[in-house]
Amino acid sequence: MMSDLSVFPITQRWPASYPDRIQLYSLPTPNGVKASIMLEETGLAYEPHLVDFAKNDQKSPEFLSLNPNGKIPAMIDPNGPGGQPLALFESGAILLYLADKTGRFIPADPAGRWQAVEWLMFQMGGIGPMFGQLGFFNKFAGREWEDKRPLQRYVDEAKRLLDVMDRALAGRSWFVGDEYSIADISMIGWVRNLITFYEARELVEFDRYGNVAAWLERGLARPAVQRGLTIPARG
């Protein structure tokens with residue numbers, strides 16, 4: 001018997017047309033696409049719902065009932081552990097959960113698994129926050145600040161992180177050896193955004209990091225990545 005998702009207040013604002021599928025509440029931002037790419041890669045049935053920042057959807061009581069932090073993505077798996085529905089927020093937790101649920105995109109051996117987890121933590125603690133701040137100071141409201149020291153701080157940190165990535169990718173296709181994993185999925189959207197949407201390619205001297213550039217090209221060539229980068233479709 002399928003669980004009744006009406007117990008989740010979020011379904012009042014975003015009704016489930018297919019309550020037997022994973023419900024994804026998101027927007028195609030670097031964090032949002034981590035979930036949609038993973039769902040596309042695994043082939044799990046899911047129903048995406050657009051959380052529109054222009055309408056402050058992420059601050060609505062219904063969304064906050066699922067993620068009190070007011071950030072995307074968030075999801076409900078109607079067939080969670082023990083057959084009970086499971087609600088989750090935090091993109092890193094969602095990636096780990098979906099990897100464990102499917103047994104895919106995370107190494108089966110414990111040592112490899114922890115290598116994937118460490119790179120996922122590297123993305124969550126470094127790549128996401130630092131690249132996001134660089135975007136704020138280079139393209140958004142922070143661009144108007146006369147004091148350029150904050151921008152330079154994040155440019156320097158982005159270069160440092162890219163150097164860490166570049167050295168890690170020397171002689172390998174993906175972050176965990178030759179196995180594409182949640183470590184890669186977590187970073188593709190962020191690196192792509194840095195050099196496109198955030199307009200920072202020259203600023204961080206991206207083309208100096210040849211291993212990262214080649215890795216990004218490999219990632220973006222995957223059909224599931226191409227699809228996930230546009231899900232949920234913007235209104």
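The values are calculated or read from the model by the stated rules, or taken from the named source; none is laboratory data. Small disclaimer: the values here were computed from a predicted structure and weren't measured. No Cβ is skipped: glycine too gets one built from the backbone with ideal geometry, and neighbour counts run over all protein chains shown. Just the protein is used for accessible areas: all its heavy atoms, side chains included, with ligands, DNA and RNA removed. Shrake-Rupley method; radii C 1.70, N 1.55, O 1.52, S 1.80 Å.
Pairs linking a residue in the range 67-93 that is under 15 Å from Glu47 (Cβ atoms) to a residue that is of a type in the set (Lys, Arg) and buried (at least 16 other Cβ atoms within 10 Å of the Cβ), with Cβ atoms under 8 Å and 6 or more positions apart or on different chains, are Pro73/Lys34; Asp77/Lys101; Pro78/Arg21. Hey, can you tell me all the residues within the range 185-201 that are of a type outside the set (A, V, I, L, M), part of a loop (DSSP other than H, G, I, E, B) and open to solvent by less than 40 Å² (accessible area, probe 1.4 Å)? If the condition is that a residue be of a type outside the set (A, V, I, L, M), part of a loop (DSSP other than H, G, I, E, B) and open to solvent by less than 40 Å² (accessible area, probe 1.4 Å), then Tyr198 is the only one that fits.
For the range 55-78, the set of residues classified as under 21 Å from Pro232 (Cβ atoms), out of contact with any strand residue (DSSP E or B) (no Cβ under 6 Å at 6 or more places or on another chain) and part of a loop (DSSP other than H, G, I, E, B) consists of Asn56, Ser60, Asn69, Gly70, Lys71, Pro78, listed by residue number.
Taken over the range 161-184, the residue count meeting the criterion of being in a loop (DSSP other than H, G, I, E, B) and in contact (Cβ under 8 Å) with a residue 24 or more places away in the chain is 8. Scanning the range 1-54 for residues that are in contact with a helix residue (DSSP H, G or I) (Cβ under 7 Å, 6 or more places away or on another chain), open to solvent by 50 Å² or more (accessible area, probe 1.4 Å) and either part of a helix (DSSP H, G or I) or aromatic (Phe, Trp, Tyr) (or both) gives Gln12, Arg13.
Within the set Gln123, Gln133, the sole residue that is buried (at least 20 other Cβ atoms within 10 Å of the Cβ) and under 20 Å from Ile72 (Cβ atoms) turns out to be Gln123. Among the residues making up the range 55-68, a single one is within 19 Å of Gly189 (Cβ to Cβ) and open to solvent by 10 Å² or more (accessible area, probe 1.4 Å): Gln58.
In the range 202-229, the residues that are closer than 20 Å to Val164 by Cβ and assigned to a helix (DSSP H, G or I) form Cβ pairs under 8 Å with partners that are open to solvent by 70 Å² or more (accessible area, probe 1.4 Å) and at pLDDT 95 or above, at six or more places apart or across chains, as follows: Asp207/Arg201; Asn211/Arg167; Ala213/Asp207; Leu216/Arg192. Which ones in the range 108-120 are open to solvent by less than 10 Å² (accessible area, probe 1.4 Å) and over 28 Å from Gln23 (Cβ atoms)? Scanning the range 108-120 gives a single hit, Gly112. Among the residues making up the range 137-158, those that are open to solvent by 50 Å² or more (accessible area, probe 1.4 Å) and either touching a residue at least 40 places away in the same chain (Cβ under 8 Å) or under 16 Å from Phe197 (Cβ atoms) (or both) are Phe140, Ala141, Arg143.
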